[in-house]
1. Spin-label point model (7 Å from Cα, Cβ direction): what's the A:Ser126 to B:Gln161 distance in nm?
2. Sequence gap at least 6, Cα distance under 8 Å: using those rules, report the relative contact order of region A:31-129 to the nearest whole percent.
3. List, in order, the whole-Hz ³J(HN,Hα) value for each residue of region A:68-77 obtained from phi through the Karplus relation with A = 6.51, B = -1.76, C = 1.60 and θ = phi - 60°; use x for Gly and Pro.
4. Which whole-number percentage describes the relative contact order of region B:8-144, with Cα contacts under 8 Å and a sequence gap of 6 or more?
5. Consider a paramagnetic label point 7 Å from the Cα of B:Ala61 along Cα→Cβ; state which residues of region B:1-20 have an amide N under 14 Å from it.
6. Over 29 Å between C-alpha atoms is what I'm after, so list which of B:Lys22/B:Lys62; B:Lys8/B:Lys62; B:Lys8/B:Lys72; A:Lys110/B:Lys62; A:Lys53/A:Lys85; B:Lys22/B:Lys75 land there.
7. If you take the beta carbon distance between B:Ser96 and B:His34 as r and set R0 to 35 Å, what does 1/(1 + (r/R0)^6) give as a FRET efficiency, to the nearest 0.05?
8. A:Asp36: net charge of surrounding residues, Cβ under 11 Å, Lys/Arg +1, Asp/Glu -1, itself excluded?
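Only the coordinates and a few stated rules stand behind these numbers; no lab work does. Not measured: the values here are computed from a predicted model. Positions of Cβ are backbone-derived with ideal geometry, glycine not excepted, and every protein chain shown enters the neighbour counts.
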Amino acid sequence: MAVSREEILEQVQEVLVDALGVDDDEATPDATLMGDLGAESIDFLDIVFRLEKQFNIKIPREELFPAETLMNNQELVKDGKLTDKGLDELKTRMPHIDISEFEKDPDINKLADLFTVDVIVSYLESKLN
Amino acid sequence: MRWIWIDKFVEFESGSRAVAVKNVTLAEEHLHDHFPGFPMMPECLQIEAMAQTAGILVGEAKKFREKVILAKISKSAFFDFVRPGDTLRLEAKIDSITDEAASTSGTITRDGQMIAEITLMFSHIDRNIGGKVFPEENFVFTGMFESLLHAVQNDKEKAGQS
């Protein structure tokens, strides 16, 4: 049975409230995990663990949050920006994300801003349905 | 583990759960100051006891090849004071474990009464995403803690013989 986006969002918000100690009205769809909700690297794993439990699925961390491996690859990052190859890689790995804004200035420091609550919901939606 | 803050394991199921015991005594000097006239075990040291119980459980699950570091206290709630003379029972179980990290949940009880609920996350730091390199030697699991595990194994063997 297909799970609706609203249902997924509700459960994701629950997970984020527990994992990050934020209020549920802070975990809005467009909130960024690091910037707005204060997530640190270990929190990403915590979120993955909790989502796996909540939705009873396996989530390879690379699939949901692939930014770390991109950043450590010299072919994909040059002068602090993602190369064309890096952007292609990002698109392939994260089909659930809209990077049209980011593409204009692919500064890796702004990569973190791509990870919003909505991105998790989109990922889960494609995974579950 | 450079200092041991639990007294012994009484149950140990590899990769899933462990139960340790910690006796609280007035011989612990910090209790004289915490607080004068009303000695009670600091909550942070209850977390330490749980971190050791769960940390050894997580370390053993990967046969102590990983350096297991407490990375996050996801949740801690305390329901009563812990006083000198109390015997704490610390029960930890592994909720999730991957190559990079593990999460555990645990309870501390005293004579069946709930004292604390503590949920933790541990990182296997050699697999950290920052790519930092740590010394080869496993400075987390030194020989000191091994006696703890031997004791519970010995008890098991004795129980099996009788």
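1. A separation of 6.1 nm, rounded to one decimal place.
2. Contact order relative to length: 34 percent.
3. Per residue, the Karplus-derived 3J(HN,Hα) values read 5, 6, 5, 5, 8, 9, 5, 6, 9, 10 Hz.
4. Computed value for region B:8-144: 26 percent relative contact order.
5. B:13-19
6. Over 29 Å apart, Cα to Cα: A:Lys110/B:Lys62; A:Lys53/A:Lys85.
7. 0.55
8. Net of charged neighbours comes to -3.
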